[in-house]
Amino acid sequence: MVILLFGPPGCGKGTQGAIISRQLGIPSISTGEILRAEMRAGTPLGIAAKKIMESGGLVGDDIVNGMIRNRLAQPDCRKGCLLDGYPRTLAQAEFLDGLLKELGYPPPLVLFLDVPDAVLIARLTARRQCPVCGAIYNLLSQPPRQDGVCDHDGAALIQRDDDKEETIRARLEAYARSTGPVIDYYAGRNFHRLDGNRRPEEIQGDVDRILKEAGVGEAA
């Protein structure tokens, strides 16, 4: 089985993706991880992507799709995989349909974690980081023991530029523009929209139910 996991920044995809991957014994794959691996390995696709990124460009669908093809051909994907954040464009979605058919996979099961922008902004602007050890805190869900100070080394916590409201709003707008059409593309299929504005264990309960209904049990 191939599972597509969608959701805007800060929705909790990482948490749910790790749980699903562990339960089903399938790899969780993100395009960012594939891109870094291809560049480290010096593959033709990795070299091409590195040149584009160094010139300030965006890596195109043809390169990303080629990397996905290479990754799904690896032995650890024989039982399936979870794709986190891919496909990001309609062209990628259409390519993936053909690739899965070529590899003998059934159509993907799609999970979309839906969280209101106001909640996402509150979550992400609450993040703080230690400039010394790199530890990450969240003032709402995982605050430091002492306000504004790292638990490990006592350094004053900072808010990264990426976690400021204006930056987050821009990221959410970009996500909606690029991924909205992809969500619409999958909406009439094996598509499940989940309320992501809940505790992780509540979301996990819904995911477990969906997987059971799809005939997928926990990995042995």
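Considering (1) within 17 Å of Pro200 (Cβ to Cβ); (2) in contact (Cβ under 8 Å) with a residue 24 or more places away in the chain; (3) surrounded by 15 or more Cβ atoms within 10 Å (Cβ to Cβ), say which one Ala122 fails and leave the rest. Every listed condition holds for Ala122 apart from (2). Going by the conditions given, is Leu45 modelled with pLDDT of 95 or more and surrounded by 21 or more Cβ atoms within 10 Å (Cβ to Cβ)? Taking the combined requirement at face value, the residue does not satisfy it. Could you please let me know if Ser141 is of a type in the set (Gly, Ala, Ser), exposed (fewer than 13 other Cβ atoms within 10 Å of the Cβ) and in contact (Cβ under 8 Å) with a residue 60 or more places away in the chain? Here the answer is no, as Ser141 does not meet what is asked. Taking segment 46-97 as the range and being within 17 Å of Arg189 (Cα to Cα), touching a Phe, Trp or Tyr at 6+ places or on another chain (Cβ under 7 Å) and aliphatic (A, V, I, L, M) as the test, the residues that pass are Leu90, Ala93. Being modelled with pLDDT of 95 or more and at positive phi is a property that Gly98 lacks. On the given criteria, is Val64 outside any helix (DSSP H, G or I), of a type outside the set (D, E, K, R) and surrounded by 14 or more Cβ atoms within 10 Å (Cβ to Cβ)? The answer is no for Val64. Checking segment 195-206 against the condition returns a match, with at least one residue being under 20 Å from the mean Cα position of the chain (by Cα) and of a type in the set (A, V, I, L, M, F, W, C).
Of the residues in segment 43-51, not one is among the polar types (S, T, N, Q) and touching a Cys at 6+ places or on another chain (Cβ under 8 Å).
If you go through segment 4-15 one residue at a time, do you hit one that is within 21 Å of Gly205 (Cβ to Cβ), in a helix (DSSP H, G or I), in contact (Cβ under 8 Å) with a residue 12 or more places away in the chain and touching a helix residue (DSSP H, G or I) at 6+ places or on another chain (Cβ under 6 Å)? Scanning segment 4-15 turns up at least one residue that is within 21 Å of Gly205 (Cβ to Cβ), in a helix (DSSP H, G or I), in contact (Cβ under 8 Å) with a residue 12 or more places away in the chain and touching a helix residue (DSSP H, G or I) at 6+ places or on another chain (Cβ under 6 Å).
Look at (1) at pLDDT below 90; (2) crowded, with 21+ Cβ neighbours inside 10 Å; (3) in a helix (DSSP H, G or I) and you find that Leu35 fails only one, number (2).
The values are calculated or read from the model by the stated rules, or taken from the named source; none is laboratory data. In this text, all values refer to a predicted model and were calculated from it rather than measured experimentally. Glycine also receives a Cβ, built like all others from the backbone with ideal geometry; neighbour counts cover every protein chain displayed.
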